[in-house]
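Worksheet: the structure to be examined is printed underneath.
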Amino acid sequence: QVQLVESGGGLVQAGGSLRLSCAASGRTFTTYSMGWFRQAPGKEREFVALISWRGGNTYYADSVKGRFTISRDNAKNTVYLQMNSLKPEDTAVYYCAAGSGNPTAGENEYDYWGQGTQVTVSS
């Protein structure tokens, strides 16, 4: 069992930066790949980024590539999403998720989800 709690969301102007954190409980955190997803108002939840359980492999949605960076600290049971050059279209609720078995961009490949943190980017 893994419980996930996101933090770090907020209101930021376009061009600004935020760093999201996702704290995980459970001793098996290091065996899970971690992903970030987001859901904007009136839209379906979409994949943002993922990192393998050792942190050696990362993958990003085209919309955030070059602006967002996912990382993890297994000693702290935490995964991060550094978001730079934010745009109004990045406004969404951001969720972290944990998945076993080498998940990719599909929501149904993840086993555990956090409650989400709101990110609002003003123009």
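The values are calculated or read from the model by the stated rules, or taken from the named source; none is laboratory data. A quick note: this is a predicted structure, and the numbers were derived from the prediction, not measured. Positions of Cβ are generated from backbone atoms using ideal geometry, with glycine treated the same way; all protein chains shown enter the neighbour counts. Calculation scope for accessible area: heavy atoms of the full protein, side chains included, ligands and nucleic acids excluded. Shrake-Rupley method; radii C 1.70, N 1.55, O 1.52, S 1.80 Å.
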Handout entry: Residue list for region 15-27, filter: surrounded by 14 or more Cβ atoms within 10 Å (Cβ to Cβ) and either farther than 12 Å from residue 94 by Cα or among the aliphatic types (A, V, I, L, M) (or both)
Key = 16, 18, 20, 23, 24, 26
Problem - Filter result for residue 63 (without any contact (Cβ under 8 Å) to a residue 60 or more places away in the chain, over 11 Å from the mean Cα position of the chain (by Cα), surrounded by fewer than 18 Cβ atoms within 10 Å (Cβ to Cβ) and within 20 Å of residue 15 (Cβ to Cβ)) - result: yes
Handout entry: Pairs, first among the basic types (Lys, Arg) in region 106-122, second open to solvent by 60 Å² or more (accessible area, probe 1.4 Å) and not in a helix (DSSP H, G or I), C-beta under 9 Å, six or more apart
Key = none
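Each row is one residue, and each column tells you yes or no for (1) within 19 Å of residue 19 (Cα to Cα); (2) crowded, with 22+ Cβ neighbours inside 10 Å; (3) in contact with a Gly (Cβ under 9 Å, 6 or more places away or on another chain).
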site: 46; (1), (2), (3): yes, no, no
site: 69; (1), (2), (3): yes, no, no
site: 72; (1), (2), (3): yes, yes, yes
site: 78; (1), (2), (3): yes, no, no
site: 89; (1), (2), (3): yes, no, no
site: 93; (1), (2), (3): yes, no, yes
site: 109; (1), (2), (3): no, no, yes
Practice task
Go through 25, 17, 100, 85 for me and flag whichever is within 15 Å of the chain's Cα centre (by Cα) and small (Gly, Ala, Ser).
Solution key: 17
